[in-house]
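Beneath this line is the structure, given in C-alpha coordinates, with notes to follow.
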Amino acid sequence: QVQLVESGGGLVQPGGSLRLSCVASESIANNYLMAWYRQFPGKPRDFLAHISTKGDTDYAERVKGRFTISRDNAKNTVYLQMNNLTPEDSAVYYCNAHRLIPMAVFWGQGTQVTVSA
(Lines give C-alpha, C1' and ligand atoms only; values in the text may rest on other atoms or scores of the structure.)
Protein backbone atom coordinates (compact mmCIF):
# COMPACT_ATOMS: atom_id res chain seq x y z
CA GLN A 1 0.00 0.00 0.00
CA VAL A 2 1.14 3.55 -0.61
CA GLN A 3 2.69 5.48 2.25
CA LEU A 4 2.01 9.21 2.49
CA VAL A 5 4.22 11.62 4.41
CA GLU A 6 3.07 15.19 4.97
CA SER A 7 5.31 18.09 5.85
CA GLY A 8 5.23 21.86 5.92
CA GLY A 9 2.95 22.47 8.85
CA GLY A 10 3.84 24.75 11.71
CA LEU A 11 3.07 28.05 13.35
CA VAL A 12 2.20 31.03 11.17
CA GLN A 13 0.79 34.47 11.88
CA PRO A 14 -2.66 35.50 10.69
CA GLY A 15 -2.50 36.60 7.08
CA GLY A 16 0.51 34.41 6.44
CA SER A 17 1.05 31.50 4.09
CA LEU A 18 2.18 27.90 4.29
CA ARG A 19 2.77 25.22 1.70
CA LEU A 20 2.09 21.67 2.72
CA SER A 21 3.70 18.77 0.90
CA CYS A 22 2.70 15.15 0.72
CA VAL A 23 5.17 12.65 -0.67
CA ALA A 24 3.92 9.23 -1.76
CA SER A 25 5.99 6.07 -1.62
CA GLU A 26 5.06 5.09 -5.17
CA SER A 27 4.07 6.74 -8.38
CA ILE A 28 0.80 8.65 -8.20
CA ALA A 29 0.80 9.75 -11.82
CA ASN A 30 -1.97 7.72 -13.43
CA ASN A 31 -3.78 5.84 -10.71
CA TYR A 32 -4.31 8.22 -7.80
CA LEU A 33 -6.70 11.04 -7.10
CA MET A 34 -5.07 13.17 -4.44
CA ALA A 35 -6.76 15.34 -1.85
CA TRP A 36 -6.28 17.34 1.31
CA TYR A 37 -8.50 17.29 4.37
CA ARG A 38 -8.28 18.89 7.77
CA GLN A 39 -9.58 17.98 11.17
CA PHE A 40 -10.47 20.11 14.16
CA PRO A 41 -10.35 18.55 17.63
CA GLY A 42 -13.34 16.33 18.24
CA LYS A 43 -14.66 16.80 14.71
CA PRO A 44 -14.66 14.63 11.59
CA ARG A 45 -12.24 15.36 8.78
CA ASP A 46 -13.35 18.05 6.36
CA PHE A 47 -12.65 17.96 2.66
CA LEU A 48 -10.56 20.87 1.40
CA ALA A 49 -9.41 20.14 -2.14
CA HIS A 50 -8.70 17.39 -4.60
CA ILE A 51 -6.82 17.02 -7.85
CA SER A 52 -7.42 14.43 -10.52
CA THR A 53 -4.82 12.48 -12.47
CA LYS A 54 -5.27 15.03 -15.25
CA GLY A 55 -4.79 17.99 -12.92
CA ASP A 56 -8.43 19.01 -12.62
CA THR A 57 -9.09 20.56 -9.23
CA ASP A 58 -12.02 21.13 -6.92
CA TYR A 59 -12.23 23.02 -3.65
CA ALA A 60 -14.46 23.36 -0.64
CA GLU A 61 -16.16 26.73 -0.64
CA ARG A 62 -14.55 27.67 2.65
CA VAL A 63 -11.05 27.65 1.12
CA LYS A 64 -11.73 28.51 -2.52
CA GLY A 65 -9.54 31.42 -3.58
CA ARG A 66 -7.15 31.01 -0.64
CA PHE A 67 -5.88 27.44 -1.03
CA THR A 68 -4.37 25.86 -4.13
CA ILE A 69 -3.75 22.17 -4.66
CA SER A 70 -1.18 20.98 -7.16
CA ARG A 71 0.74 17.84 -7.97
CA ASP A 72 4.17 16.99 -9.28
CA ASN A 73 3.92 13.46 -10.56
CA ALA A 74 7.64 13.26 -11.25
CA LYS A 75 8.22 13.73 -7.52
CA ASN A 76 5.21 11.70 -6.37
CA THR A 77 4.17 14.80 -4.47
CA VAL A 78 1.02 16.79 -3.95
CA TYR A 79 1.02 20.28 -2.48
CA LEU A 80 -1.41 22.55 -0.72
CA GLN A 81 -0.57 26.23 -0.90
CA MET A 82 -2.45 28.10 1.79
CA ASN A 83 -2.66 31.87 1.76
CA ASN A 84 -4.27 34.51 3.95
CA LEU A 85 -4.50 32.11 6.86
CA THR A 86 -6.70 32.85 9.84
CA PRO A 87 -6.84 31.29 13.31
CA GLU A 88 -9.88 29.35 12.11
CA ASP A 89 -7.57 27.45 9.77
CA SER A 90 -5.71 25.94 12.73
CA ALA A 91 -6.13 22.17 12.46
CA VAL A 92 -4.38 18.95 11.59
CA TYR A 93 -4.08 18.66 7.82
CA TYR A 94 -4.17 15.26 6.14
CA CYS A 95 -3.13 14.07 2.73
CA ASN A 96 -5.46 11.56 1.08
CA ALA A 97 -4.76 9.23 -1.83
CA HIS A 98 -7.62 7.55 -3.66
CA ARG A 99 -6.25 4.71 -5.70
CA LEU A 100 -8.39 3.93 -8.71
CA ILE A 101 -7.33 0.36 -9.56
CA PRO A 102 -7.72 -1.55 -7.37
CA MET A 103 -9.82 0.91 -5.43
CA ALA A 104 -8.44 1.88 -2.03
CA VAL A 105 -8.00 4.95 0.13
CA PHE A 106 -4.90 5.90 2.07
CA TRP A 107 -4.13 8.65 4.58
CA GLY A 108 -1.02 10.35 5.77
CA GLN A 109 -0.23 10.85 9.42
CA GLY A 110 -1.23 14.50 9.43
CA THR A 111 0.61 17.75 9.98
CA GLN A 112 -0.38 20.42 12.47
CA VAL A 113 -1.05 23.95 11.27
CA THR A 114 -1.43 26.65 13.90
CA VAL A 115 -2.34 30.20 12.98
CA SER A 116 -1.72 32.57 15.82
CA ALA A 117 -0.24 35.94 16.56
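Among the numbered conditions (1) at pLDDT 95 or above; (2) closer than 25 Å to Ser27 by Cα, tell me where Met103 comes up short.
Unmet condition: (1).
Taking only the stretch 50-66 into account, find how many residues are part of a strand (DSSP E or B) and buried (at least 20 other Cβ atoms within 10 Å of the Cβ).
The qualifying residues number 1.
Going residue by residue through the stretch 69-85, is there one that turns out to be within 12 Å of the chain's Cα centre (by Cα), assigned to a strand (DSSP E or B) and without any contact (Cβ under 8 Å) to a residue 24 or more places away in the chain?
Yes, there is a match, as at least one residue in the stretch 69-85 is within 12 Å of the chain's Cα centre (by Cα), assigned to a strand (DSSP E or B) and without any contact (Cβ under 8 Å) to a residue 24 or more places away in the chain.
Suppose we filter the stretch 1-29 for residues that are modelled with pLDDT under 95 and not β-branched (Val, Ile, Thr); how many remain?
Looking only at that region, the number is 4.
If we keep just the residues of the stretch 86-107 that are touching a residue at least 40 places away in the same chain (Cβ under 8 Å), outside any strand (DSSP E or B) and within 23 Å of Leu33 (Cα to Cα), which is least open to solvent (accessible area, probe 1.4 Å)?
It comes out as Leu100.
For the stretch 1-49, which strands (runs of 3 or more DSSP E) that fit wholly inside it have 3 or more residues that are in contact (Cβ under 8 Å) with a residue 12 or more places away in the chain and open to solvent by 40 Å² or more (accessible area, probe 1.4 Å)?
Output list reads 32-39.
Give the number of residues within the stretch 1-59 that are of a type in the set (Val, Ile, Thr) and more than 19 Å from Thr77 (Cβ to Cβ).
1
The values are calculated or read from the model by the stated rules, or taken from the named source; none is laboratory data. Because the structure is a prediction, the values reported are computed rather than measured. All Cβ positions, glycine included, derive from the backbone under ideal geometry; neighbour counts span all protein chains shown. Side chains included, ligands, DNA and RNA excluded: accessible areas come from the protein's heavy atoms. Shrake-Rupley method; radii C 1.70, N 1.55, O 1.52, S 1.80 Å.
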